[in-house]
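One structure below.
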Amino acid sequence: MMELPVHFGSTREHLAFQVHLTWRAARKALLSEMERGEEHVALGAYSIPMLIGLNPGITPMQLASALSLDASKVALFLRDLASKGLVERTRSASDGRVVELRLTPAGEDFAREASKASEALEAPFEGILSPGEKETLITLLEKLRDGIA
């Protein structure tokens, strides 16, 4: 029996719908790729330590804003990272009310490994878009994210 194409009607032109479908497909590919690795790591486990490593002294609020996460979720994640000895929180020298984040030496090792794993997770996407198309897509997604943030 021949399968008929699925029609999406006007929802095909809805950006939120397209982003949602793309995320579902990407998540499926990423989870499949992660299952091939030595250990299962949650998707969110990569970004926070990597960003702290790239931005020593970043604040929890800056992290939340950069990742479009609720501050409470970032706080929970940071508490977990700190309890594992990966992140240290210090008070700003210029403003004692501000908390700055830095990776510990163990956190730097973790961030390096997370960065390598993150690169491996790009494998399902290789070859689908040309380098120019990939850059255009990233630019457009950043523009959309900035416009709705």
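When the criteria are applied in full, Arg97 meets the requirement of being charged (D, E, K, R) and closer than 18 Å to Ala64 by Cα.
Within the stretch 115-122, at least one residue is over 23 Å from Thr22 (Cα atoms) and part of a helix (DSSP H, G or I).
Quick grid of which residues meet (1) within 20 Å of Ala25 (Cβ to Cβ); (2) over 16 Å from the mean Cα position of the chain (by Cα); (3) without any contact (Cβ under 8 Å) to a residue 60 or more places away in the chain; (4) not in a strand (DSSP E or B):
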| site | (1), (2), (3), (4) |
| --- | --- |
| Ala66 | no, no, yes, yes |
| Thr90 | no, yes, yes, no |
| Gly96 | no, yes, yes, yes |
| Glu100 | no, yes, yes, no |
| Gly107 | no, yes, yes, yes |
| Gly127 | yes, yes, yes, yes |
| Gly132 | no, yes, yes, yes |
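Do we find a residue being farther than 26 Å from Gly57 by Cα and at pLDDT below 90 anywhere in the stretch 101-120? Among the residues of the stretch 101-120, at least one is farther than 26 Å from Gly57 by Cα and at pLDDT below 90, which makes the answer yes.
Here the stretch 68-88 is the region considered, the condition is being surrounded by 15 or more Cβ atoms within 10 Å (Cβ to Cβ) and part of a loop (DSSP other than H, G, I, E, B), and the residue that is farthest from the chain's Cα centre (by Cα) is Leu86.
The values are calculated or read from the model by the stated rules, or taken from the named source; none is laboratory data. No experiment lies behind these values; they were computed from the predicted model shown. Positions of Cβ are backbone-derived with ideal geometry, glycine not excepted, and every protein chain shown enters the neighbour counts.
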